[in-house]
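These notes concern the structure reproduced below.
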Amino acid sequence: MTTIREGGCMCGSVRFKTHGEPNRTYVCYCKFCQKVTGSAFLVETVFPKVNVEFSGSEIKVYEYRSPSHGRSLFVQFCPSCGSTFGLTTQRFPANQNMFAGTFDDPNSFTPHLQIFTDDAPKWIELQRGSDCYREHAFKVEGGMNEPWRKAEL
């Protein structure tokens, strides 16, 4: 049986369902994620786009062009309350990234990667049991970077 998780924005105008398990779940400390959440980090789950369905109000999209690599990120948010709940990217167009805090049960995910750890606030204690990357886990040309700290067992 396929796992179905639900979530939505703060006012309830936008709802979503995901089908199956995410391809990965990670914590990102980059400056973009800090700005998009208004917090110190973002917990992000990555699903195939075909496994995510939206309902309710039509979502709004803000296009952000990264100054570091020049590609676009498309931030999705509620037109009524402004809650950001996901994004898609130019680099990985088949993926739908969902912000774990917008799920009805955000505890149903466990991050296994931490990225852009060099940008983490100094008061953050990095999660044990996950690989840590100073920047992105993926190389610009594809493939994976090596973590600076491997998951502790």
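The values are calculated or read from the model by the stated rules, or taken from the named source; none is laboratory data. Because the structure is predicted, anything quoted here is derived from the model rather than measured. For neighbour counting, all protein chains shown are included, and Cβ atoms are generated from backbone atoms with ideal geometry for every residue, glycine included.
Summary of computed values
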| item | result |
| --- | --- |
| Single residue of V43, V50 found to be over 25 Å from W148 (Cα atoms) and of a type in the set (V, I, T) | V50 |
| Segment 24-41 residues that are in contact (Cβ under 8 Å) with a residue 12 or more places away in the chain, paired with ones that are part of a helix (DSSP H, G or I) and among the hydroxyl-bearing types (S, T, Y) (beta carbon under 8 Å, 6 or more apart) | Y29/T117 |
| Qualifying positions in segment 51-71 - in a strand (DSSP E or B), surrounded by 12 or more Cβ atoms within 10 Å (Cβ to Cβ) and hydroxyl-bearing (S, T, Y) | Y62, Y64 |
| One residue from A100, A94 being surrounded by fewer than 15 Cβ atoms within 10 Å (Cβ to Cβ) and among the small types (G, A, S) | A94 |
| Residue check for E125: acidic (D, E), within 23 Å of Q34 (Cβ to Cβ), surrounded by fewer than 17 Cβ atoms within 10 Å (Cβ to Cβ) and at pLDDT below 95 | yes |
| Segment 120-152, residues that are assigned to a loop (DSSP other than H, G, I, E, B) and touching a Ser or Thr at 6+ places or on another chain (Cβ under 7 Å) | L126, Y133, R134, A151 |
| Count of residues meeting criterion [of a type in the set (F, W, Y) and part of a loop (DSSP other than H, G, I, E, B)] in segment 88-103 | 1 |
